[in-house]
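The values are calculated or read from the model by the stated rules, or taken from the named source; none is laboratory data. What you see is a predicted model; the values in this text were computed from it and never measured. In this analysis, Cβ positions are derived from the backbone assuming ideal geometry, glycine residues included, and neighbour counts consider all displayed protein chains. Each accessible area value is taken on the protein alone, full model and side chains, heavy atoms only, with ligands, DNA and RNA left out. Shrake-Rupley method; radii C 1.70, N 1.55, O 1.52, S 1.80 Å.
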Amino acid sequence: MKRRGFLGAASALALSFSLSTAAQAQDKMTIALVPGLTTDAFYITMQKGAQAAADALGVELVFQGAPDFNPVTQVPVLDAVIARAPDAILIAPTDTVQLIEPLKKAHDAGIPVITVDTFIGSGVYQTGAGDGDFPLSYIASDNVLGGRMAARALANAIGGEGKVYVSNVKPGISTTDQREAGFKAEMAENFPNVTVLETQFNDNDANKAASQLQGVFARDSDVKGVFGANLFSALGAGTGVGQAGQTGKIKVVAFDAPGSIVDNIKTGLVDVAIAQHPAEIGYYGVVSAYAHLTGNSIPVSIGTGFTIMDASNIDDPNVAKYIYSE
Ligand code: T6T
């Protein structure tokens with residue numbers, strides 16, 4: 001009897017424990033992070049920062065994205081995420097216009113939306129104006145400033161004069177559009193002897209960026225520099241410079257800092273890399289969603305910083321810590 005009683009009490013305890021942990025698991029907030037694409041060191045690093053915040057806050061993070069940076073593949077992923085009814089969605093929208101309607105579905109279903117890295121509409125949210133102003137916050141680098149920084153670095157690398165061009169992804173992406181605009185504005189305002197040639201769009205394909213470099217070099221053999229406006233553009237432009245036998249002669253300024261770009265700094269293929277702080281973007285994304293879900297107001301935009309990397313500082317641990325995870 002006693003023995004059965006003991007076992008009964010123990011199993012009752014076990015049952016109540018498992019019920020309460022199940023209830024806790026059910027109560028656990030779920031925040032979804034939809035990156036621009038899953039296999040990009042920038043977003044992998046963002047995921048790490050988001051996970052660190054989720055762990056600290058006891059939140060479940062779901063990371064779900066498409067294999068390429070494209071609204072056609074991102075929208076079905078977003079639809080699947082909305083169907084899971086997370087408590088909030090963090091997303092890097094792959095197009096300023098084409099993601100407005102798909103994200104409106106989340107908003108209409110009562111799921112708060114925060115955009116990270118890229119924005120929809122004008123990127124100015126919660127003003128009551130415009131179709132795409134419903135996200136609660138935009139958390140990202142200042143990409144116009146980043147483009148200006150790249151222009152200064154490239155102008156200095158080429159001695160303030162000569163032909164350069166921008167290797168970019170495609171129009172319609174807020175981040176890379178803003179970097180190009182900032183780059184061109186800085187050159188026009190402060191470097192009158194620099195000529196910016198026509199932008200080469202590579203569809204986020206490093207191989208295409210490499211062959212475009214060769215094409216530009218074939219047309220303008222006196223080209224002196226290229227600004228790679230994101231990871232794949234910069235990687236491809238650097239490869240193209242190497243293939244053209246122009247290492248050190250055609251200067252490369254890279255946006256983003258995966259290990260491969262850092263290797264290129266060490267071999268002299270890339271002069272300067274402008275590292276974003278994607279882990280901070282992910283961290284503040286989760287913290288902001290959590291703050292909103294627990295009844296706090298949150299800033300409508302949060303800006304994260306940059307670290308400029310070159311051969312002179314790349315071995316400094318305070319700089320190297322911003323190299324992206326892969
Ligand atoms: O440069 C980042 C990101 O900021 C941009 O929106 C898309 O490209 C990257 O992910 C790098 O590949």
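Quick notes on this one:
- For the stretch 262-304, the set of residues classified as surrounded by fewer than 17 Cβ atoms within 10 Å (Cβ to Cβ) and within 14 Å of Tyr324 (Cα to Cα) consists of Asp263 only.
- Of the residues making up the stretch 140-178, those that are not in a helix (DSSP H, G or I) and not aliphatic (A, V, I, L, M) number 13.
- Checking Asn204 against (1) in contact (Cβ under 8 Å) with a residue 12 or more places away in the chain; (2) more than 23 Å from Tyr43 (Cβ to Cβ), the condition it does not meet: (2)
- Filter pass, Ser167 being within 16 Å of the ligand (Cβ to nearest atom) and buried (at least 24 other Cβ atoms within 10 Å of the Cβ): yes
- For Pro102: the one exception among (1) more than 16 Å from the ligand (Cβ to nearest atom); (2) under 23 Å from Tyr284 (Cβ atoms); (3) without any contact (Cβ under 8 Å) to a residue 60 or more places away in the chain: (2)
- Looking across Ile111, Ile82, one residue alone is more than 16 Å from the ligand (Cβ to nearest atom), without any contact (Cβ under 8 Å) to a residue 60 or more places away in the chain, in a loop (DSSP other than H, G, I, E, B) and closer than 25 Å to Gly49 by Cβ. It is Ile111.
- Any hit, the stretch 43-51, residues being within 30 Å of Val262 (Cα to Cα), away from the ligand (no atom under 16 Å from the Cβ) and of a type outside the set (A, V, I, L, M): yes
- Only one of Ile91, Ile44, Ile100, Ile82 that is farther than 27 Å from Phe183 by Cβ, β-branched (Val, Ile, Thr) and either open to solvent by 10 Å² or more (accessible area, probe 1.4 Å) or under 14 Å from the mean Cα position of the chain (by Cα) (or both): Ile82
- Among the candidates Ala157, Ala106, Ala185, the residue that is open to solvent by 20 Å² or more (accessible area, probe 1.4 Å), touching a strand residue (DSSP E or B) at 6+ places or on another chain (Cβ under 6 Å) and of a type in the set (A, V, I, L, M, F, W, C) is uniquely Ala157.
- As a summary of the residue check, Asp68 satisfies the conditions (1) under 30 Å from Ile261 (Cβ atoms); (2) open to solvent by less than 30 Å² (accessible area, probe 1.4 Å); (3) in a loop (DSSP other than H, G, I, E, B) except for the one numbered (2).
- Among the residues of the stretch 268-284, those identified as in contact with an Asp or Glu (Cβ under 9 Å, 6 or more places away or on another chain) and farther than 18 Å from Leu145 by Cβ are Leu269, Val270, Asp271.
- Residue in the stretch 247-257 that is aliphatic (A, V, I, L, M), touching a Phe, Trp or Tyr at 6+ places or on another chain (Cβ under 6 Å) and away from the ligand (no atom under 16 Å from the Cβ) present: no
- For first residues located in the stretch 216-236 and hydroxyl-bearing (Ser, Thr, Tyr), partners that are modelled with pLDDT of 95 or more and open to solvent by 10 Å² or more (accessible area, probe 1.4 Å) and lie 6+ apart or on another chain with Cβ distances below 8 Å form the pairs Ser233/Asn204; Ser233/Ala206.
- Screening Met149 on (1) touching a residue at least 24 places away in the same chain (Cβ under 8 Å); (2) more than 22 Å from Pro278 (Cα to Cα); (3) crowded, with 17+ Cβ neighbours inside 10 Å shows it passes everything except condition (2).
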